[in-house]
Amino acid sequence: MMMLTVVWAQEVITQACEQSIVIPRSQGRYLWLPIQESAPEGKVQLIVGGMLQMEQNIRMAREKTDYYVALDLQPYQGNKALRVCVQNVPAGSVCFKNLKQNDNVDFALIEEKYRPLYHHTPKRGWMNDPNGMFYKDGVWHLFYQYNPYGSMWGNMHWGHSSSADLVHWKDEGVALAPDAWGTMFSGSCVTDNGNIVAMYTTSRPTPFGGDVQAQCIAFSKDNGKTFTKYEGNPVLTAEEKDFRDPRPFWNEDIKAWNLILAVGQEMRIYSSPDLKKWKYESSFGKEYGCHGGVWECPDLFPIGQPKKWVLICNINPGGPFGGSATQYFVGQFDGHKFTCEHQDTRWMDYGKDHYATVSFCNAPDNRRTVMAWMSNWQYANQVPTMQFRSANSVPRDLGMFEYKGEYYVSVVPSKEMLSLRGNKAKQPTEACEIVVDVKKLTEIVLSNAKGEQVIMRYDAARQTFSMDRTKSGDVSFSADFPCVTEAPTYGTVKQVRIFIDRCSIEVFDAEGKMAMTNLVFPTEPYNNIKVKDGKVTIYEIKN
């Protein structure tokens with residue numbers, strides 16, 4: 001075992017340790033840790049005043065440094081006894097020579113060709129499920145599953161970003177960090193008497209293998225910038241292994257809080273007067289929908305006229321084209337039990353890269369606005385980015401439409417996306433919106449000089465829309481990546497909107513009856529488009 005101790009200058013700490021590095025206070029707020037993605041995980045501990053304050057599993061660089069992540073020392077710089085210890089890393093590893101310290105938050109940022117230009121991404125590190133989204137005082141708040149210490153899954157925190165317009169995002173840092181109850185898994189936020197209450201899952205390993213999951217809450221008086229965890233945590237426990245992703249909401253019909261929670265391959269519904277004491281009401285799931293994997297990240301809300309209730313159920317694996325996807329159910333809810341009105345399985349997005357869809361609490365104008373994680377668990381850790389991994393989908397507004405006597409969820413890009421439209425262009429660029437007026441059999445081919453291409457087809461007779469990304473660029477990182485995805489259109493499509501952003505293509509029927517999201521990794525941007533039997537308009541994207 002190798003242990004490194006970082007010691008503040010002139011405040012020597014005595015410790016049996018193989019190596020120590022003395023760092024003056026004046027060198028800066030951030031201690032930059034060198035990362036090597038192919039390295040095994042080491043253990044990094046932050047010890048303040050003799051007490052362990054942080055312990056994370058980090059792939060400290062051994063033979064080479066791929067990129068840097070930041071350990072923020074500002075909260076502890078007033079303490080004379082501070083140590084950063086690295087364990088389980090060989091003594092000769094380059095990480096011990098390449099440590100840096102400064103105040104530059106943008107230190108050693110990599111210019112990555114696949115970083116989206118107008119989708120939300122973390123500046124560094126790994127991101128998956130969107131969490132705790134809410135709107136308050138003119139600001140949209142987005143929290144997300146976050147690993148600040150590497151761009152592969154692990155060390156789950158809640159990251160936080162905010163936006164005044166739903167398209168430009170400001171990094172607000174870490175909102176919730178692991179504690180004695182475990183790491184911070186998915187959850188939700190609600191507004192209550194002007195304050196924000198976060199409800200989230202904690203996950204910690206057991207001595208017998210596996211982990212135990214429980215539901216906890218935290219309170220914020222500054223619109224989610226800081227949280228105070230409830231002293232009475234956890235507020236809800238169970239013996240099941242997969243017991244997570246709470247989604248509470250106020251139900252005016254019963255004058256109480258409801259909670260929908262994912263448990264294995266079902267959803268459980270609870271009620272509460274105060275978000276602390278929960279009563280089990282019912283379960284939903286048996287004999288409905290797809291059961292190819294674990295049910296996760298639920299949501300439950302009313303929408304449309306006549307009013308229907310929509311239950312969102314994200315599933316992994318089991319998606320229509322393999323891996324993870326978002327299914328939904330339409331029905332009625334009386335505050336105690338959800339009753340589904342159909343037997344078929346319905347998908348909110350028929351692409352390969354749309355997961356963990358959840359809605360914003362308290363969205364204005366009674367809107368039901370959602371965002372999703374734009375990846376797939378089959379290859380999310382292997383996609384060809386380095387310092388960051390994953391983006392969120394463009395924001396979408398949900399509605400309801402009727403087809404052959406049944407009700408379905410409609411999906412359209414949120415109106416705020418129109419603000420990004422710039423001048424019209426003759427050819428596609430790496431970030432643009434393409435509008436195509438389609439006819440009975442329309443083919444759309446995006447391509448570049450390398451021969452890489454994406455082929456989209458609308459077939460009015462079959463009522464389908466498909467996308468072929470088998471030759472889209474780099475598909476080598478996973479055998480599950482090259483694929484053709486196909487969606488039903490539930491009637492005739494007149495126009496599709498296509499959003500391209502370096503590594504993603506999102507397609508929507510302009511009327512909301514079809515959505516399809518797929519990642520692509522062309523070695524150079526698609527700069528050519530051919531449309532057979534259709535009219536095309538291309539818009540530049542404004543920054």
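Charged neighbours of residue 297, selected by a Cβ distance under 13 Å, balance to -3 (K, R count +1; D, E count -1). Rounded to whole Å, the principal axis extents of the Cα atoms in region 416-484 read 37, 32, 26, largest first.
Relative to the present Cα-Cα distance, how much length would full extension add between residue 276 and residue 43 at 0.36 nm per residue of separation? All intermediate terms of the calculation are to be shown ahead of the outcome.
Working: separation 233, 0.36 × 233 = 83.88 nm, distance 3.45 nm.
Result for the pair: 80.4 nm of gain on full extension.
Dividing the summed helix terms, -39500 (n - 2.57) for each DSSP H run of n ≥ 4, by the number of residues in the chain produces a 222 nm estimate of 0 deg cm²/dmol to the nearest 500. Peptides 300-312, 259-271 ranked from most to least packed give 259-271, 300-312, packing being the mean of other C-beta atoms within 10 angstrom over each peptide's residues.
In terms of the mean number of neighbouring beta-carbon atoms within 10 Å, the peptides 160-169, 369-378 order highest first as 369-378, 160-169. Once C-alpha pairs closer than 8 Å and six or more residues apart are averaged by separation and normalised to the residue number of region 393-525, the relative contact order reads 24 percent.
For the chain, the share of accessible area belonging to carbon and sulfur comes to 48 percent (1.4 Å probe, ligands and nucleic acids excluded). Can you list the lysines whose alpha carbon is less than 23 Å from that of residue 221, not counting same-chain residues fewer than 8 positions off? In chain and number order, the partners are 136, 170, 229, 276, 277.
Determine the shape class of region 72-113: with a ≥ b ≥ c the square roots of the Cα gyration tensor eigenvalues, call it rounded for a/c under 1.5, and otherwise prolate if a/b is greater than b/c, oblate otherwise. If you can, show how the numbers build up before the last one.
Working: a/c = 2.83, a/b = 1.12, b/c = 2.52.
Oblate shape, in that a/c is at least 1.5 and b/c is the bigger or equal ratio.
Can you give the FRET efficiency to the nearest 0.05 for residue 527 and residue 108, using r as the Cβ-Cβ distance and R₀ = 22 Å? It would help to have the intermediate numbers written out before the result.
Working: r = 31 Å, r/R0 = 1.40.
In this case the efficiency is close to 0.10.
Note down the magnitude of the dipole of region 190-314 about its Cα centre, charges +1 on Lys and Arg C-beta and -1 on Asp and Glu C-beta and zero elsewhere, to the nearest 20 debye. Don't skip to the answer; put the middle values down first.
On the way: 15 positive and 16 negative charges, 46 e Å.
Using only the charged Cβ atoms, the result is roughly 220 debye.
Just to confirm, what accessible area per residue do you get for the chain at 1.4 Å probe, in whole Å²? Intermediate results must be reported in sequence, preceding the final value.
Numbers: 21870 Å² over 543 residues.
Counting only protein heavy atoms, the per-residue value for the chain is 40 Å².
Hydrodynamic analysis of region 393-456 uses the Kirkwood radius over alpha carbon pairs. Inserted into Stokes-Einstein at 25 °C and 0.890 mPa s, it gives a translational diffusion coefficient of 162 µm²/s. Taking 0.36 nm per residue of separation and subtracting the current Cα-Cα distance, fully stretching the chain between residue 429 and residue 164 would add 92.8 nm.
Order these peptides, 149-159, 356-366, by their mean beta-carbon neighbour count within 10 angstrom, highest first.
Final packing ranking: 149-159, 356-366.
When the chain is described by a simple charge dipole with +1 on each Lys and Arg Cβ and -1 on each Asp and Glu Cβ, the residue from 298, 490, 311 located farthest towards its positive end is 490.
Taking Lys and Arg as +1 and Asp and Glu as -1, the other residues whose beta-carbon sits under 12 Å from that of residue 451 total 0.
Ratio of Rg to Rh for region 331-418, alpha carbon only, Kirkwood? With Rh from the inverse mean 1/r over Cα pairs, Rg/Rh is 1.03.
Using the Cα gyration tensor of the chain, with a ≥ b ≥ c the square roots of its eigenvalues, what is the shape: rounded (a/c below 1.5), prolate (a/b larger than b/c) or oblate (neither)?
Working: a/c = 2.01, a/b = 1.32, b/c = 1.53.
Cα axes put the chain in the oblate bin.
Placing a label point 7 Å from the Cα of residue 54 along the Cα-to-Cβ direction, the residues of region 163-186 with a backbone N closer than 19 Å are 171-185.
The values are calculated or read from the model by the stated rules, or taken from the named source; none is laboratory data. As the structure is a computational prediction, the values presented were derived from the model and not from experiment. When we count neighbours, we look across all protein chains shown, and the Cβ atoms used for this are built from the backbone with ideal geometry, even at glycine. Heavy atoms of the whole protein, side chains included, go into the accessibility calculation; ligands, DNA and RNA do not. Shrake-Rupley method; radii C 1.70, N 1.55, O 1.52, S 1.80 Å.
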